[in-house]
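Trainee: Take a look at the following structure, please.
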Amino acid sequence: PPLETLISSHDFETVASKTLSAKAWAFYSSAATDCVTHRANKEYFDRIWFRPRVLRNMAGPVNMRTTILEERKCRGKQEDVDMPDVSMSAPFFCAPAAMARLVHDSGEMGIAKGCAEKGVVQCISTNASFPASEICGTVSPDHPFLFQLYVNKDRSATSKLLKSFPKSIKAILVTVDAATPGKREADERVRSDESLMTPMSGARAVNDKKGGALGRIMGNYIDPGLNWEDLKWLRKETRLPIVVKGVMSVEDAVMCAETGVEGVVISNHGGRNLDTSPPSLRVLLQLHLTRPDVFGKLDVYLDGGIRRGTDVLKALCLGAKAVGIGRPFLYNLNYGSEGVAHLIDILKDELEVAMKLIGITDLSQAGPQYLDLGESIRG
Ligand code: FNR
C-alpha cells in the first residue's frame, strides 16, 4: 500500500508481516520462547491511565524538543568524558537493531537519512549491516548518533572498534543483557543465508541443529564474563559518555548511578532475551517509586513496547529522559528512508495530541501527577 495510507506504527507492522522476506520477518518480529515479556512490554503501557487536566489553554505551540546527556548531568564526575548535549527534536530515538539490510538495501543508512531529516537520533548496533563510519557518513556530520556496544571476548577488537568511530557518535550504549542470547524460536525456524555477515563484529550466519537463528549466531562473540569492573575498563577505552543498556532491576539502576556512568536504559531487549522478565515500564515505575534520587544522578531511558505517542509520554511522566523504539524502525524501512521519516511524523503527531490532551505544552511539565498511579501499582 502507498506510504501515505499508513497512519500508525501498527500499520507498518501489518504491512511488514505481509511483505518482508520470511527470514527478515522472523528475525525482527521474534522474541524469546513464549514471547510473554514481548507482549507485556506493550500491555503494561495500556494498564496505566492518564490523569488529564482540562481548561488550560492549549492554543499555543507544543515543544517536544529535548536534550540528553547534558553537560550538567556529568557534574564533573569524570573529567575525561566529552559531554555532548545531544539535542533531539522529540524525546525518542531509534533503538539499536542488528542487520537492517535484511529489509531494505539501504539498511541502517536509510534509517540514518530518515532520522536526520527529522532531527531524531539513531543508535547504531555493533551488529549493523554497515560500518558506523559509512552510516554516519550518509548525513551531515552535525547530526548526532549513539553507538550500541557489545563487548567482544577479544577485548582488542573492542578497543579497535571504539577508536574507529567518527565524531558524530556522541555516546556508547553498552548492552549488558546478552551474556547469552535468548531462544528465539521464530528466528530459529527459518534458515539463514550463510553469506550474511556483520562488518563491525565479523559475525557470520550459520544453520545448525538448533535452527537458523541470526540472533543466536550474531551474539557468539559477546563476552559472557562482562562485569561491573569492566565498566572501569571501558571508561579508559573511550572519552564518550557511557550508558548501560539492559537494566531490569532497581538495584542495578542504583549500582549504575553509584558506578558513575552517565545513563541507563531500562530494557529487556524487546523481550528477546529472558522471557518473563518484567515489562520495562514496570521497572521504570518501581524505580520512580522507590529510588527517585537515581533520576538526578544519570539519564534514565527506557525501551520496549513503545508504539504510540501516549506510550512515550507515560515513560516521560515517570522520569525517563527519552525512550528507544526498536521494531517499528525496521518495519518502516521497507519504504526506505521515506518510511522512516513518515513513522517519525506519526509518532510526533501522536505525542503532540497526547500532550495537549493531558494539558501540557512543554515536556518539562510532564510528571507523575498526570498518571493514575494508585490503580497501576496493584498487579
Ligand atoms: C534488537 N535489539 C538489540 N539491542 C542491542 O543492544 N543490540 C542489538 O544488536 C540489537 N538487535 C536487535 C535486533 C532486532 C531485530 C530487534 C527487534 C531488537 C533490542 C533493541 O535495541 C531494543 O531494546 C528493543 O527492540 C526495544 O523493544 P521494541 O521497541 O522493539 O518493542
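Trainee: Do any of Lys209/Lys236; Lys160/Lys245; Lys153/Lys183; Lys42/Lys297; Lys118/Lys210 go past 31 Å between their Cα atoms, and which?
Mentor: On the way: Lys209/Lys236 41 Å; Lys160/Lys245 21 Å; Lys153/Lys183 21 Å; Lys42/Lys297 28 Å; Lys118/Lys210 41 Å.
In this structure, Lys209/Lys236; Lys118/Lys210 exceed 31 Å between Cα atoms.
Trainee: Most exposed first by the Cβ proxy, i.e. fewest other Cβ within 10 Å, how do Val264, Val250 rank?
Mentor: On the way: Val264 29, Val250 18.
If I rank by nearby Cβ atoms, fewest first, I get Val250, Val264.
Trainee: If we count every other residue with Cβ under 12 angstrom of Ser337's Cβ, Lys/Arg +1 and Asp/Glu -1, where does the sum land?
Mentor: Working: positive: Lys113, Lys118; negative: Asp105, Glu108, Glu117, Glu338.
Spelling it out: positives minus negatives among the neighbours equals -2.
Trainee: Then there's this: Enter the Cα centre distance for the pair the range 6-70 and the range 223-254, rounded to the nearest angstrom.
Mentor: Centre-to-centre distance over Cα atoms comes out at 27 Å.
Trainee: Once both labels are modelled 7 Å past Cα along the beta-carbon direction, what's the Asp34-Asp349 spacing in nm?
Mentor: So the two model labels end up 3.9 nm from each other.
Trainee: Along the charge dipole of the range 77-116, which of Ala116, Ser89, Ser106 sits closest to the positive end, that is, farthest toward it, with unit charges on the beta carbon of Lys, Arg, Asp and Glu (+1, +1, -1, -1)?
Mentor: Positive-end residue among those listed: Ser106.
Trainee: A further question on this structure: Which trypsin sites (Lys or Arg not before Pro) in the range 272-378 sit in a loop by DSSP (not H, G, I, E or B) and have at most 15 other Cβ atoms within 10 Å of their own Cβ?
Mentor: Values: sites: Arg272, Arg282, Lys297, Arg307, Arg308, Lys314, Lys321, Lys348, Lys356, Arg378; in loops: Arg272, Arg307, Arg308, Lys321, Arg378.
Those satisfying the criteria are Arg378.
Trainee: A further question on this structure: Which net charge results for the neighbourhood of Pro224, defined as the other residues with beta-carbon distances under 15 angstrom from its beta-carbon, given Lys and Arg at +1 and Asp and Glu at -1? Intermediate results must be reported in sequence, preceding the final value.
Mentor: Details: positive: Lys153, Arg155, Arg216; negative: Asp154, Asp177, Asp223, Glu229, Asp230.
Taking every Cβ under 15 Å from that of Pro224, the sum is -2.
Trainee: Can you list residues whose amide H is under 5 Å from Ala203's amide H, if they're 5+ apart or on another chain and H is modeled 1.01 Å from N?
Mentor: The answer is Thr198.
Trainee: With θ taken as phi - 60° and the coefficients 6.51, -1.76 and 1.60, list the Karplus ³J(HN,Hα) couplings across the range 137-152 in order, rounded to whole Hz; mark glycine and proline as x.
Mentor: The phi angles translate into x, 7, 10, 4, x, 7, 7, x, 10, 10, 10, 8, 9, 9, 7, 7 Hz.
Trainee: Using DSSP H assignments, which helices in the chain have an axial alpha-carbon span of 30 Å or above and a mean Kyte-Doolittle hydropathy of -1.0 or higher? Can you show the working numbers first?
Mentor: Working: long enough: 336-358 (34 Å, 0.54).
Correct list, ordered by number: 336-358.
Coordinate-derived values only; no laboratory data. Everything numeric in this text was worked out from a predicted model, so none of it was measured. Cβ coordinates were reconstructed from backbone atoms using ideal geometry, including for glycine residues, and neighbour counts include every protein chain displayed.
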